[in-house]
Every structure is written in C-alpha cells, then in structure tokens.
1. Rg and Dmax of the chain, Cα atoms, in Å?
2. Place a +1 charge on the Cβ of each Lys and Arg in segment 1-66 and a -1 charge on the Cβ of each Asp and Glu, then give the dipole magnitude about the Cα centre in debye, rounded to the nearest 20.
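Every number here is computed from the coordinates shown, using simple stated rules; none is lab data. It should be emphasised that the depicted structure is a prediction, and the values quoted were computed from it without experimental measurement. We place every Cβ from the backbone using ideal geometry, glycine too, and count neighbours over all the protein chains shown.
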Amino acid sequence: MSCVTSVDVQCPHCQSTSISKAGKSPKGQQRYLCTNSECPKKTSLLHYVKRAWEDGVKETAIDMVLN
C-alpha cells in the first residue's frame, strides 16, 4: 500500500497557485518558483527560518530600538 500526500502551495507575494519546484536553499529547504508573470518576486520558501520579511516586524524592531 502506498500513501501519497499533496500540499497546496500558494505564492506568498501574489497568491497564485501556478508554482513549481526550484531546487533547495543552502539550508536544505525546498524553494518554489512562481510562474505568474505579474508576480513581484519569483522564488519563495514555504517556511522561512528568519521572520524578518513578515508584516509588522520592521515596525516592532524600530519601536524596540527607540525604547
């Protein structure tokens, strides 16, 4: 008996589902390539190790520095 699992991958930048695999990062994580021609960024990861790209992180860091 074989078990197949599928994961729906969506581009975090343009929300497109036209995604293909694009190799691995230096840390061994799967990279994905967005094939939407209007997407501002082409490659992404499902789970980032560092969360600096998320909304609100920059503002939080600035507040912490000022206090």
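1. According to the Cα coordinates of the chain, Rg and Dmax are 15.7, 59 Å.
2. Working: 9 positive and 6 negative charges, 89 e Å.
With only Lys, Arg, Asp and Glu charged at Cβ, the dipole is about 420 debye.
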